[in-house]
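Colleague: The structure's right below; bear with me while I get my questions together.
What follows draws every value from the coordinates through simple rules; no lab data is involved. Note that the coordinates shown come from a computational prediction; the quantities given were computed from them, not determined experimentally. Note that each Cβ is placed from the backbone with ideal geometry, even for glycine, and that neighbours are counted across all protein chains shown.
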Amino acid sequence: MIWKTKTHQFSATVCQKTGKTCPALAQMARSVVRAVETAVPATTPDFEFDGNSELSHCPQGCVARFRAQKDLIRIYCGATEDAPLEVLETFADMMFGPDTATRPAGMLTTPPCAMLEVTTLATDPAVTMDRQMAL
């Protein structure tokens, strides 16, 4: 499922346990977006943070792991704690990325049951009167 706000695009997979998109995952993504937006003015351009959180509204009781940067946030539901974030990132690249690449079948022994990616939308420059008239 894909949806947009004025500033971000959200892309989510279907939960492999419920067969539906996960509202708890979407709520967590919105919260992480707000946290990043709050932190960005006071941090360097390469600021990032990661962590995990129990999805309290998830009927399956999933724990989600995440990595958040200014322009990219990824959340992995049901990922095991010992799965390296770099491997989860590579798995997400396969799902959300435009490039196709083969990966070893055993790259991730237990894939996340759902994932969500948030990207920052490019801001449109202000349209000048000359530009408006040309349209």
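Colleague: Evaluated at 20 °C with a viscosity of 1.002 mPa s, what Stokes-Einstein diffusion coefficient in µm²/s does region 2-134 have when Rh comes from the Kirkwood expression over alpha-carbon pairs?
Modeller: 133
Colleague: Taking amide H positions as placed 1.01 Å from N in the peptide plane, with prolines and chain starts having none, which residues 5 or more places from residue 62, or on another chain, fall under 5 Å of its amide H?
Modeller: Here the answer is 55, since their amide H atoms fall under 5 Å of that of residue 62.
Colleague: Based on Cβ point charges of +1 for Lys and Arg and -1 for Asp and Glu, what charge dipole magnitude is obtained for the chain about its Cα centre, in debye rounded to the nearest 20?
Modeller: 540
Colleague: Let me ask something additional. Between region 49-69 and region 74-108, what is the separation of their alpha carbon centroids in Å?
Modeller: Measuring centre to centre over Cα atoms gives 16 Å.
Colleague: If contacts are Cα pairs under 8 angstrom and at least 6 residues apart, what is the relative contact order of region 2-134 in percent?
Modeller: Relative CO of region 2-134 lands at 31 percent.
Colleague: Say the dipole of the chain comes from +1 at the beta carbon of Lys and Arg and -1 at that of Asp and Glu; which of 40, 63, 22 then lies farthest toward its positive end?
Modeller: Ranked along the dipole, the leading option is 22.
Colleague: Need one number: nm distance between label points at residue 48 and residue 87, each 7 Å from Cα along Cα→Cβ, rounded to one decimal.
Modeller: A separation of 1.8 nm, rounded to one decimal place.
Colleague: On to the next question. Tell me which of 120, 1, 110 sits at the most positive position along the dipole axis of the chain, charges placed on C-beta atoms (Lys, Arg +1; Asp, Glu -1).
Modeller: Looking along the dipole axis, the top candidate is 1.
Colleague: Going Cα to Cα from residue 70, which lysines come in below 22 Å? Please leave out same-chain ones fewer than 8 positions away.
Modeller: 4, 6
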